[in-house]
Amino acid sequence: MFVYEKQMQYPIKIKRTNPQLAKLIISQYGGPDGELGASLRYLSQRYTMPVKELKATLTDIGVEELNHLEMIGTIVYQLTKDLSQEEIKKAGFDAYFVDHTTGVYPSSAAGVPFTAAYIQSKGDPITDLHEDMAAEQKARTTYDNILRFCDDYDVKDPIRFLRAREIVHYQRFGENLRILTDKLDSKNYYQFNPSFDKKCFKKCK
Amino acid sequence: MTQREIMLKKIGMYKFALKDIALYLDTHPHDEMMLRKYDEYESILKPLVEDFEEKYGPLTVSVRNKNRFLWINNPWPWENEEDA
């Protein structure tokens, strides 16, 4: 069950609009390594996880990604608020504006709409955890790339927070991979799918 | 920053610390020091939230004022206080 808290995970208060920057940052809303994909990936993968630590981590990180989705939506919203038609045209925001006005729509920086093809739920925890660790690093690189185009502290500050969270999540997923393999036969971790072939767990389970 | 924003930032700080500790505890469920830290921060957070909600309205859906549903009031988290 989910309960909404009427508060941003990290405060965002942008004083200067910048539709050019919004066009780039929206990629972390609905792009290939964005927060929408992240939350759906973890919240979908968790059902078949065979170990309690993994279920907890995927649930908690999946929920945190929804906070981050809200943060990115807020940054895009505040960067495109109260724009004049001239500003929209000058910033090259007109193509987005034609389809969405200033509504926040999940798409990549190149305008590709969000697709579930960005994520995988493979039903094998070793495979899924590797995908999750890669996903955190891909998101971290995307934030690094976004930071190259940020010259406004009001935007940089929350983006840096989000970048740091990718690294923490990567660390937690790495620990989960170790917790899982510790319970398996070290002679060949990949002989079985730990979600499907239950017999692969050592007797100490 | 307005008084409301200052209070909200402090609440957010403790909520975040709790979130991050919980994530750590997911993979270190026997770490007694962190379990104590979680408890400590939670007890600091509780009166801060009560104080805030008393002054500015609910952070999670609830009805304290019996005349009006204050939950719908601006600002929402994506809005600046001045615009709302």
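The values are calculated or read from the model by the stated rules, or taken from the named source; none is laboratory data. Computed from a predicted model, the values in this text were never measured in an experiment. In this analysis, Cβ positions are derived from the backbone assuming ideal geometry, glycine residues included, and neighbour counts consider all displayed protein chains.
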Open item on the list: Test of understanding: among A:57, A:17, which residue is assigned to a helix (DSSP H, G or I), at negative phi and among the β-branched types (Val, Ile, Thr)?
Closed with: A:57
TODO: Please specify each residue of region A:184-195 satisfying the condition of being part of a loop (DSSP other than H, G, I, E, B), touching a residue at least 12 places away in the same chain (Cβ under 8 Å) and over 27 Å from the mean Cα position of the chain (by Cα).
DONE: A:184, A:185
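Yes/no matrix, rows are residues, columns are (1) more than 30 Å from residue B:1 (Cβ to Cβ); (2) modelled with pLDDT under 95; (3) aromatic (Phe, Trp, Tyr); (4) surrounded by fewer than 14 Cβ atoms within 10 Å (Cβ to Cβ):
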position	(1), (2), (3), (4)
A:113	yes, no, no, yes
A:116	yes, no, no, yes
A:126	yes, no, no, no
A:132	yes, no, no, no
A:135	yes, no, no, no
A:146	no, no, no, no
A:173	yes, no, yes, no
A:178	yes, no, no, yes
Open item on the list: Looking at region B:63-82 only, could you name the residues that are facing chain A (nearest Cβ under 8 Å) and assigned to a loop (DSSP other than H, G, I, E, B)?
Closed with: B:76, B:77, B:78, B:80
TODO: Determine which member of the set A:201, A:196, A:192, A:173 is in contact with a Lys or Arg (Cβ under 6 Å, 6 or more places away or on another chain), over 15 Å from residue A:28 (Cα atoms) and among the hydrophobic types (A, V, I, L, M, F, W, C).
DONE: A:201
Task: Qualifying positions in region A:180-205 - more than 24 Å from residue B:30 (Cα to Cα), loosely packed, with under 10 Cβ neighbours inside 10 Å and modelled with pLDDT under 90 - done: A:199
Task: Failed item in (1) within 8 Å of chain A (Cβ to nearest Cβ); (2) assigned to a helix (DSSP H, G or I), with residue B:60 passing the rest - done: (2)
TODO: Within region A:99-135, track down each residue that is in a strand (DSSP E or B) and either closer than 15 Å to residue A:38 by Cα or of a type in the set (Gly, Ala, Ser) (or both).
DONE: A:107
Open item on the list: Can you find, within region A:148-178, the residue that is nearest to the other protein chains (Cβ to nearest Cβ) among those that are of a type in the set (Lys, Arg) and without any contact (Cβ under 8 Å) to a residue 60 or more places away in the chain?
Closed with: A:178
TODO: Mind listing whichever residues of region A:66-85 are part of a helix (DSSP H, G or I), surrounded by 24 or more Cβ atoms within 10 Å (Cβ to Cβ) and away from chain B (no Cβ under 11 Å)?
DONE: A:68, A:79
Open item on the list: Please verify whether residue A:109 is touching a residue at least 40 places away in the same chain (Cβ under 8 Å), of a type in the set (A, V, I, L, M) and under 23 Å from residue A:170 (Cα atoms), treating the condition exactly as stated.
Closed with: no
Open item on the list: For the structure I just gave you, tell me whether residue A:181 is without any contact (Cβ under 8 Å) to a residue 60 or more places away in the chain, out of contact with any Leu (no Cβ under 9 Å at 6 or more places or on another chain) and within 14 Å of chain B (Cβ to nearest Cβ).
Closed with: yes
Task: Residues of region B:4-50 satisfying the condition of being at the interface with another protein chain (Cβ under 10 Å from one of its Cβ atoms), touching a residue at least 12 places away in the same chain (Cβ under 8 Å) and closer than 20 Å to residue A:62 by Cα - done: B:15, B:22, B:25
- [ ] Go through (1) part of a helix (DSSP H, G or I); (2) in contact (Cβ under 8 Å) with a residue 40 or more places away in the chain one by one and return the number of the condition residue A:43 breaks.
- [x] (2)
- [ ] Looking for whichever is surrounded by 13 or more Cβ atoms within 10 Å (Cβ to Cβ), more than 18 Å from residue A:7 (Cα to Cα) and out of contact with any Gly (no Cβ under 7 Å at 6 or more places or on another chain) here; the options are B:23, B:18, B:59, B:45. Which one fits?
- [x] B:23
